[in-house]
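Below is one structure, written out as C-alpha coordinates; the observations come after it.
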Amino acid sequence: MNKKEYLAKLRMYLQGLPISELEDIISDYKEHFNIGISKGKSEEEISKELGDPKEVALGYINSLDSNLEENRQERRNNRKWITIVAGIVLVVFAISFLSYHSSYNPGFSPGIFSLKSDGDMVRIGPKGIEVKDGEDHVVIGWNGIKVKGGADEVSIGWDGIKVKDGNRSAFKSNGWSFLGLSNKDLKWEEVDEEKFADLDEVKNISISSPFIDVKVTSQDRDDLRIHYHGRMRTNVVPELVVDKVNGDLEIKLQLSQNSYSVIESKAVLEVFIPNSFKGNINSMASSGDIYMKNIVGDNLNFSTSSGDLFLENLKGKVINITTSSGDMNLNQLNGDIISINTSSGNMKTSYLVGKLTAKTSSGDISLKDISSEEIKLSTSSGDIVINLDDSANYKIKGSTSSGDFIPNKKMVVEENRRGRFMATVGEGLYPMEIQTSSGDVIFK
(Lines give C-alpha, C1' and ligand atoms only; values in the text may rest on other atoms or scores of the structure.)
Protein backbone atom coordinates (compact mmCIF):
# COMPACT_ATOMS: atom_id res chain seq x y z
CA MET A 1 0.00 0.00 0.00
CA ASN A 2 1.54 3.33 -1.05
CA LYS A 3 1.28 6.65 0.78
CA LYS A 4 -1.76 7.93 -1.11
CA GLU A 5 -3.71 4.72 -0.64
CA TYR A 6 -2.83 4.50 3.07
CA LEU A 7 -3.86 8.08 3.84
CA ALA A 8 -7.10 7.73 1.86
CA LYS A 9 -8.10 4.63 3.84
CA LEU A 10 -7.10 6.23 7.13
CA ARG A 11 -9.23 9.30 6.33
CA MET A 12 -12.20 7.08 5.45
CA TYR A 13 -12.02 5.14 8.73
CA LEU A 14 -11.62 8.35 10.75
CA GLN A 15 -14.94 9.77 9.47
CA GLY A 16 -17.08 10.88 12.40
CA LEU A 17 -14.28 12.61 14.29
CA PRO A 18 -14.30 16.41 14.48
CA ILE A 19 -12.73 17.76 11.28
CA SER A 20 -9.92 19.57 13.13
CA GLU A 21 -9.00 16.34 14.97
CA LEU A 22 -9.13 14.31 11.76
CA GLU A 23 -6.89 16.72 9.84
CA ASP A 24 -4.33 16.76 12.67
CA ILE A 25 -4.08 12.96 12.54
CA ILE A 26 -3.71 12.91 8.74
CA SER A 27 -1.03 15.60 8.99
CA ASP A 28 0.89 13.51 11.56
CA TYR A 29 0.84 10.44 9.32
CA LYS A 30 1.96 12.44 6.30
CA GLU A 31 4.93 13.48 8.42
CA HIS A 32 5.62 9.81 9.28
CA PHE A 33 5.81 9.03 5.58
CA ASN A 34 8.08 12.00 4.85
CA ILE A 35 10.50 11.02 7.64
CA GLY A 36 10.56 7.38 6.48
CA ILE A 37 11.17 8.31 2.87
CA SER A 38 14.03 10.62 3.92
CA LYS A 39 15.65 7.57 5.55
CA GLY A 40 15.46 5.59 2.32
CA LYS A 41 12.38 3.48 3.12
CA SER A 42 9.73 2.70 0.51
CA GLU A 43 6.12 3.82 0.96
CA GLU A 44 5.05 0.16 1.22
CA GLU A 45 7.55 -0.47 4.05
CA ILE A 46 6.33 2.60 5.93
CA SER A 47 2.70 1.48 5.51
CA LYS A 48 3.50 -1.88 7.12
CA GLU A 49 5.32 -0.19 10.02
CA LEU A 50 2.40 2.15 10.69
CA GLY A 51 -0.10 -0.73 10.80
CA ASP A 52 -3.54 -1.39 9.36
CA PRO A 53 -5.27 2.02 8.85
CA LYS A 54 -8.57 0.60 10.10
CA GLU A 55 -6.96 -0.49 13.39
CA VAL A 56 -5.13 2.83 13.68
CA ALA A 57 -8.39 4.78 13.20
CA LEU A 58 -10.21 2.57 15.70
CA GLY A 59 -7.52 3.29 18.28
CA TYR A 60 -7.96 7.04 17.85
CA ILE A 61 -11.77 6.80 18.02
CA ASN A 62 -11.67 4.65 21.18
CA SER A 63 -9.17 7.04 22.74
CA LEU A 64 -11.40 10.01 21.96
CA ASP A 65 -14.46 8.22 23.39
CA SER A 66 -12.47 7.42 26.54
CA ASN A 67 -11.42 11.05 26.93
CA LEU A 68 -14.99 12.22 26.46
CA GLU A 69 -16.18 9.81 29.16
CA GLU A 70 -13.46 11.02 31.54
CA ASN A 71 -14.54 14.60 30.91
CA ARG A 72 -18.16 13.68 31.53
CA GLN A 73 -17.22 11.97 34.80
CA GLU A 74 -15.26 15.02 35.87
CA ARG A 75 -18.25 17.21 35.08
CA ARG A 76 -20.51 14.90 37.09
CA ASN A 77 -18.26 15.51 40.09
CA ASN A 78 -19.11 19.20 39.81
CA ARG A 79 -22.83 18.65 40.53
CA LYS A 80 -22.62 20.08 44.05
CA TRP A 81 -21.11 23.26 42.66
CA ILE A 82 -23.82 23.48 39.99
CA THR A 83 -26.51 23.00 42.65
CA ILE A 84 -25.07 25.84 44.73
CA VAL A 85 -24.99 28.12 41.69
CA ALA A 86 -28.55 27.09 40.85
CA GLY A 87 -29.72 28.01 44.35
CA ILE A 88 -28.08 31.42 44.19
CA VAL A 89 -29.48 32.12 40.75
CA LEU A 90 -32.98 31.02 41.80
CA VAL A 91 -32.93 33.53 44.64
CA VAL A 92 -31.73 36.29 42.32
CA PHE A 93 -34.41 35.40 39.79
CA ALA A 94 -37.14 35.39 42.45
CA ILE A 95 -36.11 38.85 43.65
CA SER A 96 -36.01 40.13 40.06
CA PHE A 97 -39.37 38.53 39.35
CA LEU A 98 -41.05 40.25 42.30
CA SER A 99 -39.43 43.57 41.45
CA TYR A 100 -40.58 43.24 37.87
CA HIS A 101 -44.21 42.66 38.83
CA SER A 102 -44.20 45.40 41.47
CA SER A 103 -42.99 48.02 39.01
CA TYR A 104 -43.76 46.93 35.45
CA ASN A 105 -41.28 48.18 32.88
CA PRO A 106 -42.42 47.85 29.24
CA GLY A 107 -38.80 47.97 28.13
CA PHE A 108 -37.77 45.06 30.31
CA SER A 109 -35.69 42.48 28.42
CA PRO A 110 -34.52 39.46 30.44
CA GLY A 111 -31.17 37.93 29.79
CA ILE A 112 -30.11 34.32 29.57
CA PHE A 113 -27.86 32.42 31.97
CA SER A 114 -26.79 28.92 31.00
CA LEU A 115 -24.45 26.51 32.77
CA LYS A 116 -24.06 22.98 31.42
CA SER A 117 -22.17 19.95 32.69
CA ASP A 118 -22.84 16.89 30.50
CA GLY A 119 -26.40 15.85 31.33
CA ASP A 120 -26.55 18.33 34.24
CA MET A 121 -27.58 21.87 33.53
CA VAL A 122 -28.83 25.18 34.90
CA ARG A 123 -30.56 27.57 32.53
CA ILE A 124 -32.36 30.85 33.15
CA GLY A 125 -34.02 32.82 30.38
CA PRO A 126 -37.19 34.62 29.32
CA LYS A 127 -39.18 31.36 29.59
CA GLY A 128 -38.09 30.61 33.16
CA ILE A 129 -35.64 28.41 35.06
CA GLU A 130 -34.56 24.84 34.43
CA VAL A 131 -32.27 22.63 36.51
CA LYS A 132 -31.29 19.07 35.47
CA ASP A 133 -29.26 16.79 37.72
CA GLY A 134 -29.18 13.22 36.43
CA GLU A 135 -32.78 11.95 36.43
CA ASP A 136 -33.92 14.89 38.56
CA HIS A 137 -35.48 17.71 36.55
CA VAL A 138 -36.93 21.01 37.80
CA VAL A 139 -38.65 23.53 35.52
CA ILE A 140 -40.05 26.87 36.72
CA GLY A 141 -41.76 28.95 34.05
CA TRP A 142 -44.82 30.98 33.19
CA ASN A 143 -46.82 27.77 32.77
CA GLY A 144 -46.00 26.70 36.34
CA ILE A 145 -43.57 24.43 38.17
CA LYS A 146 -42.60 20.86 37.33
CA VAL A 147 -40.38 18.64 39.49
CA LYS A 148 -39.56 15.19 38.16
CA GLY A 149 -37.43 12.38 39.56
CA GLY A 150 -37.61 9.11 37.64
CA ALA A 151 -41.25 7.96 37.56
CA ASP A 152 -42.27 10.44 40.29
CA GLU A 153 -43.48 13.89 39.36
CA VAL A 154 -45.11 17.03 40.77
CA SER A 155 -46.62 19.65 38.45
CA ILE A 156 -48.08 22.96 39.63
CA GLY A 157 -49.81 24.99 36.94
CA TRP A 158 -52.67 27.37 36.32
CA ASP A 159 -55.07 24.43 36.24
CA GLY A 160 -53.90 23.03 39.60
CA ILE A 161 -51.48 20.53 41.13
CA LYS A 162 -50.72 17.03 39.88
CA VAL A 163 -48.67 14.49 41.83
CA LYS A 164 -47.44 11.20 40.35
CA ASP A 165 -45.95 8.51 42.56
CA GLY A 166 -45.13 5.60 40.26
CA ASN A 167 -48.49 4.38 38.94
CA ARG A 168 -50.49 6.44 41.46
CA SER A 169 -51.58 9.99 40.77
CA ALA A 170 -53.26 12.82 42.65
CA PHE A 171 -54.66 16.09 41.36
CA LYS A 172 -55.94 19.32 42.90
CA SER A 173 -57.67 21.78 40.58
CA ASN A 174 -57.30 25.56 40.42
CA GLY A 175 -58.74 28.01 42.91
CA TRP A 176 -55.47 28.16 44.85
CA SER A 177 -57.04 26.78 48.02
CA PHE A 178 -54.90 23.67 47.85
CA LEU A 179 -52.73 24.72 50.82
CA GLY A 180 -55.70 23.98 53.06
CA LEU A 181 -56.56 20.71 51.35
CA SER A 182 -58.01 18.05 53.64
CA ASN A 183 -58.50 14.42 52.68
CA LYS A 184 -61.56 14.00 54.91
CA ASP A 185 -63.88 15.26 52.16
CA LEU A 186 -62.46 12.81 49.62
CA LYS A 187 -63.84 9.31 49.20
CA TRP A 188 -63.51 6.44 46.80
CA GLU A 189 -65.99 6.61 43.95
CA GLU A 190 -66.54 3.99 41.26
CA VAL A 191 -67.88 4.52 37.75
CA ASP A 192 -68.91 2.05 35.07
CA GLU A 193 -70.86 3.69 32.26
CA GLU A 194 -71.23 2.79 28.60
CA LYS A 195 -72.63 4.86 25.74
CA PHE A 196 -72.88 4.50 21.97
CA ALA A 197 -72.97 7.10 19.20
CA ASP A 198 -74.00 6.97 15.55
CA LEU A 199 -71.35 8.49 13.26
CA ASP A 200 -73.62 9.22 10.28
CA GLU A 201 -72.56 12.60 8.81
CA VAL A 202 -70.01 13.09 11.62
CA LYS A 203 -66.77 14.69 10.40
CA ASN A 204 -65.19 15.71 13.71
CA ILE A 205 -64.79 13.78 16.96
CA SER A 206 -63.64 15.72 20.05
CA ILE A 207 -62.66 13.99 23.30
CA SER A 208 -61.84 15.92 26.49
CA SER A 209 -61.08 15.01 30.10
CA PRO A 210 -59.98 16.96 33.20
CA PHE A 211 -57.90 14.33 35.05
CA ILE A 212 -59.12 10.94 33.80
CA ASP A 213 -56.84 9.08 31.37
CA VAL A 214 -58.13 8.80 27.80
CA LYS A 215 -57.62 5.69 25.65
CA VAL A 216 -58.66 5.69 21.99
CA THR A 217 -58.40 2.81 19.55
CA SER A 218 -60.15 1.51 16.43
CA GLN A 219 -62.50 -1.45 16.18
CA ASP A 220 -64.32 -3.34 13.47
CA ARG A 221 -67.76 -1.93 14.31
CA ASP A 222 -70.46 0.35 12.84
CA ASP A 223 -71.01 2.76 15.74
CA LEU A 224 -68.75 4.47 18.27
CA ARG A 225 -68.54 2.90 21.73
CA ILE A 226 -67.59 4.77 24.92
CA HIS A 227 -66.71 3.00 28.17
CA TYR A 228 -66.06 5.17 31.24
CA HIS A 229 -64.98 2.98 34.14
CA GLY A 230 -62.69 2.64 37.16
CA ARG A 231 -62.20 4.05 40.65
CA MET A 232 -61.08 7.44 41.91
CA ARG A 233 -60.67 9.11 45.29
CA THR A 234 -62.14 12.56 44.80
CA ASN A 235 -64.67 15.13 45.96
CA VAL A 236 -66.30 15.32 42.53
CA VAL A 237 -66.93 12.66 39.87
CA PRO A 238 -66.84 13.89 36.27
CA GLU A 239 -70.04 13.23 34.32
CA LEU A 240 -69.86 11.61 30.90
CA VAL A 241 -71.57 13.84 28.31
CA VAL A 242 -71.96 12.95 24.63
CA ASP A 243 -73.31 15.63 22.25
CA LYS A 244 -73.83 15.40 18.51
CA VAL A 245 -74.40 18.69 16.69
CA ASN A 246 -74.41 18.74 12.91
CA GLY A 247 -71.13 17.12 11.87
CA ASP A 248 -69.47 17.32 15.29
CA LEU A 249 -69.47 14.63 17.99
CA GLU A 250 -68.26 15.82 21.40
CA ILE A 251 -67.32 13.34 24.13
CA LYS A 252 -66.40 14.98 27.42
CA LEU A 253 -66.06 14.35 31.11
CA GLN A 254 -67.79 17.35 32.64
CA LEU A 255 -67.29 18.67 36.18
CA SER A 256 -70.06 20.13 38.31
CA GLN A 257 -67.68 22.65 39.92
CA ASN A 258 -64.52 24.47 38.95
CA SER A 259 -62.44 23.53 42.00
CA TYR A 260 -61.87 19.87 42.74
CA SER A 261 -59.41 17.48 44.38
CA VAL A 262 -58.26 14.03 43.33
CA ILE A 263 -55.95 11.94 45.52
CA GLU A 264 -55.83 8.90 43.28
CA SER A 265 -57.41 7.95 39.97
CA LYS A 266 -57.59 4.51 38.39
CA ALA A 267 -60.41 5.46 36.06
CA VAL A 268 -60.21 5.61 32.28
CA LEU A 269 -62.31 6.96 29.43
CA GLU A 270 -62.11 4.43 26.59
CA VAL A 271 -63.33 5.33 23.11
CA PHE A 272 -63.63 2.71 20.37
CA ILE A 273 -63.84 4.29 16.91
CA PRO A 274 -65.03 2.35 13.84
CA ASN A 275 -62.30 1.47 11.34
CA SER A 276 -64.39 3.14 8.64
CA PHE A 277 -64.20 6.61 10.23
CA LYS A 278 -61.66 8.83 8.43
CA GLY A 279 -62.55 12.30 9.75
CA ASN A 280 -60.86 14.64 12.24
CA ILE A 281 -60.08 13.59 15.81
CA ASN A 282 -59.26 16.03 18.62
CA SER A 283 -58.20 14.76 22.03
CA MET A 284 -57.57 17.02 25.04
CA ALA A 285 -56.66 16.32 28.66
CA SER A 286 -55.72 18.67 31.50
CA SER A 287 -53.76 16.33 33.75
CA GLY A 288 -54.69 12.89 32.48
CA ASP A 289 -52.64 10.86 30.03
CA ILE A 290 -53.72 10.20 26.45
CA TYR A 291 -53.25 6.80 24.79
CA MET A 292 -54.15 6.38 21.13
CA LYS A 293 -53.43 3.41 18.88
CA ASN A 294 -54.30 2.14 15.39
CA ILE A 295 -56.18 5.23 14.18
CA VAL A 296 -56.52 6.56 10.62
CA GLY A 297 -58.01 10.04 10.24
CA ASP A 298 -57.79 13.30 8.37
CA ASN A 299 -56.43 15.76 10.95
CA LEU A 300 -55.35 14.34 14.33
CA ASN A 301 -54.87 16.87 17.15
CA PHE A 302 -53.64 16.18 20.69
CA SER A 303 -53.30 18.58 23.60
CA THR A 304 -52.39 18.10 27.27
CA SER A 305 -51.42 20.45 30.10
CA SER A 306 -49.51 18.11 32.40
CA GLY A 307 -50.39 14.65 31.16
CA ASP A 308 -48.24 12.32 29.09
CA LEU A 309 -48.92 11.19 25.53
CA PHE A 310 -48.59 7.64 24.18
CA LEU A 311 -49.37 7.45 20.46
CA GLU A 312 -48.82 4.42 18.24
CA ASN A 313 -49.64 3.50 14.64
CA LEU A 314 -51.48 6.67 13.61
CA LYS A 315 -52.02 7.97 10.10
CA GLY A 316 -53.42 11.33 9.01
CA LYS A 317 -52.85 14.27 6.70
CA VAL A 318 -51.87 16.49 9.63
CA ILE A 319 -50.80 15.25 13.07
CA ASN A 320 -50.54 18.10 15.57
CA ILE A 321 -49.31 17.55 19.14
CA THR A 322 -49.07 20.19 21.89
CA THR A 323 -48.20 19.73 25.57
CA SER A 324 -47.22 22.09 28.38
CA SER A 325 -45.25 19.82 30.70
CA GLY A 326 -45.99 16.25 29.72
CA ASP A 327 -43.66 13.71 28.16
CA MET A 328 -44.52 11.94 24.94
CA ASN A 329 -43.78 8.55 23.45
CA LEU A 330 -44.57 8.43 19.73
CA ASN A 331 -44.24 5.33 17.59
CA GLN A 332 -45.22 4.76 13.95
CA LEU A 333 -46.80 8.09 13.04
CA ASN A 334 -47.45 8.69 9.34
CA GLY A 335 -48.64 12.08 8.13
CA ASP A 336 -48.09 14.64 5.41
CA ILE A 337 -47.25 17.07 8.22
CA ILE A 338 -46.26 16.13 11.78
CA SER A 339 -45.98 19.06 14.20
CA ILE A 340 -44.85 18.57 17.82
CA ASN A 341 -44.56 21.34 20.40
CA THR A 342 -43.93 21.01 24.13
CA SER A 343 -42.83 23.50 26.77
CA SER A 344 -41.00 21.28 29.25
CA GLY A 345 -41.56 17.67 28.29
CA ASN A 346 -39.26 15.06 26.80
CA MET A 347 -39.96 13.64 23.38
CA LYS A 348 -39.20 10.03 22.44
CA THR A 349 -40.11 9.05 18.88
CA SER A 350 -39.56 6.20 16.45
CA TYR A 351 -40.64 5.35 12.90
CA LEU A 352 -42.03 8.74 11.91
CA VAL A 353 -42.95 9.41 8.28
CA GLY A 354 -43.82 12.89 6.99
CA LYS A 355 -42.64 16.49 7.10
CA LEU A 356 -41.56 16.75 10.74
CA THR A 357 -41.26 19.83 12.95
CA ALA A 358 -40.46 19.23 16.62
CA LYS A 359 -39.87 21.96 19.18
CA THR A 360 -39.38 21.89 22.95
CA SER A 361 -38.35 24.67 25.31
CA SER A 362 -36.67 22.57 28.00
CA GLY A 363 -36.94 18.91 27.07
CA ASP A 364 -34.85 16.31 25.29
CA ILE A 365 -35.70 15.03 21.81
CA SER A 366 -34.96 11.43 20.86
CA LEU A 367 -35.61 10.19 17.30
CA LYS A 368 -35.16 6.68 15.97
CA ASP A 369 -35.63 5.21 12.48
CA ILE A 370 -37.18 8.28 10.90
CA SER A 371 -38.24 8.41 7.23
CA SER A 372 -39.29 12.05 6.99
CA GLU A 373 -38.36 13.96 3.85
CA GLU A 374 -37.92 17.22 5.76
CA ILE A 375 -37.01 17.60 9.43
CA LYS A 376 -36.75 20.68 11.67
CA LEU A 377 -35.77 20.17 15.31
CA SER A 378 -35.22 22.78 18.00
CA THR A 379 -34.82 22.86 21.76
CA SER A 380 -33.76 25.66 24.07
CA SER A 381 -32.07 23.58 26.75
CA GLY A 382 -32.38 19.89 25.91
CA ASP A 383 -30.27 17.32 24.09
CA ILE A 384 -31.19 15.97 20.67
CA VAL A 385 -30.31 12.31 20.04
CA ILE A 386 -30.94 10.81 16.59
CA ASN A 387 -30.56 7.16 15.60
CA LEU A 388 -30.26 6.86 11.82
CA ASP A 389 -30.83 3.61 9.95
CA ASP A 390 -28.82 2.43 6.93
CA SER A 391 -31.24 4.04 4.46
CA ALA A 392 -30.92 7.55 5.95
CA ASN A 393 -30.40 10.24 3.31
CA TYR A 394 -30.02 13.71 4.84
CA LYS A 395 -28.16 16.97 4.42
CA ILE A 396 -27.75 18.05 8.04
CA LYS A 397 -27.25 21.66 9.06
CA GLY A 398 -27.51 23.21 12.48
CA SER A 399 -26.15 25.13 15.42
CA THR A 400 -25.73 24.76 19.16
CA SER A 401 -24.79 27.67 21.41
CA SER A 402 -23.24 25.77 24.31
CA GLY A 403 -23.47 22.09 23.39
CA ASP A 404 -21.51 19.57 21.33
CA PHE A 405 -22.20 18.08 17.90
CA ILE A 406 -21.29 14.40 17.93
CA PRO A 407 -21.65 12.69 14.51
CA ASN A 408 -21.76 8.97 13.84
CA LYS A 409 -19.29 7.05 11.69
CA LYS A 410 -21.58 6.96 8.64
CA MET A 411 -21.65 10.73 8.26
CA VAL A 412 -19.39 12.95 6.21
CA VAL A 413 -18.77 16.02 8.36
CA GLU A 414 -18.18 19.22 6.39
CA GLU A 415 -18.20 21.71 9.27
CA ASN A 416 -18.05 21.41 13.04
CA ARG A 417 -16.74 24.50 14.79
CA ARG A 418 -17.88 27.56 16.71
CA GLY A 419 -21.28 26.06 17.41
CA ARG A 420 -22.08 25.46 13.74
CA PHE A 421 -22.15 22.08 12.04
CA MET A 422 -22.90 20.61 8.64
CA ALA A 423 -22.83 16.97 7.58
CA THR A 424 -24.16 14.53 4.99
CA VAL A 425 -25.47 11.02 5.44
CA GLY A 426 -26.24 8.92 2.37
CA GLU A 427 -26.65 11.12 -0.69
CA GLY A 428 -28.01 14.04 1.33
CA LEU A 429 -31.32 14.26 -0.56
CA TYR A 430 -33.48 15.55 2.30
CA PRO A 431 -32.91 18.59 4.55
CA MET A 432 -32.52 18.28 8.32
CA GLU A 433 -32.24 21.50 10.36
CA ILE A 434 -31.28 21.37 14.04
CA GLN A 435 -31.02 24.15 16.62
CA THR A 436 -30.31 23.95 20.33
CA SER A 437 -29.23 26.68 22.72
CA SER A 438 -27.62 24.63 25.50
CA GLY A 439 -27.94 20.98 24.51
CA ASP A 440 -25.85 18.39 22.69
CA VAL A 441 -26.70 17.04 19.24
CA ILE A 442 -25.77 13.36 19.07
CA PHE A 443 -26.09 11.03 16.08
CA LYS A 444 -25.95 7.27 16.59
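The values are calculated or read from the model by the stated rules, or taken from the named source; none is laboratory data. In this text the structure is predicted, and so the values were computed from the model without any measurement. Backbone-built Cβ (ideal geometry, glycine too); neighbour counts: all protein chains shown.
Structural remarks
- Selected residue (only one of G345, G316 is touching an Asp or Glu at 6+ places or on another chain (Cβ under 9 Å), free of Cβ contacts under 8 Å to residues at least 60 places away in the same chain and not assigned by TED's automatic domain parsing to the domain that holds T436): G316
- Test: E415 is on the phi < 0 side of the Ramachandran plot, of a type in the set (D, E) and in a strand (DSSP E or B): yes
- Here the condition is being within 17 Å of R225 (Cα to Cα) and surrounded by fewer than 17 Cβ atoms within 10 Å (Cβ to Cβ); of S276, S256, it holds for S276 alone.
- Inter-residue pairs, beta-carbon under 9 Å, first on the phi > 0 side of the Ramachandran plot and in the range 1-24, second assigned to a helix (DSSP H, G or I) and of a type in the set (V, I, T), 6+ apart: G16/I61
- Test result for S371, surrounded by 18 or more Cβ atoms within 10 Å (Cβ to Cβ) and of a type outside the set (D, E, K, R): no
- Residue check for G354: over 17 Å from the mean Cα position of the chain (by Cα), at pLDDT 85 or above and at positive phi: yes
- Tally of residues being among the small types (G, A, S) and over 22 Å from E373 (Cβ atoms) across the range 405-431: 1
- Residue in the range 429-436 that is charged (D, E, K, R) and either touching a Cys at 6+ places or on another chain (Cβ under 7 Å) or at pLDDT below 90 (or both) present: no
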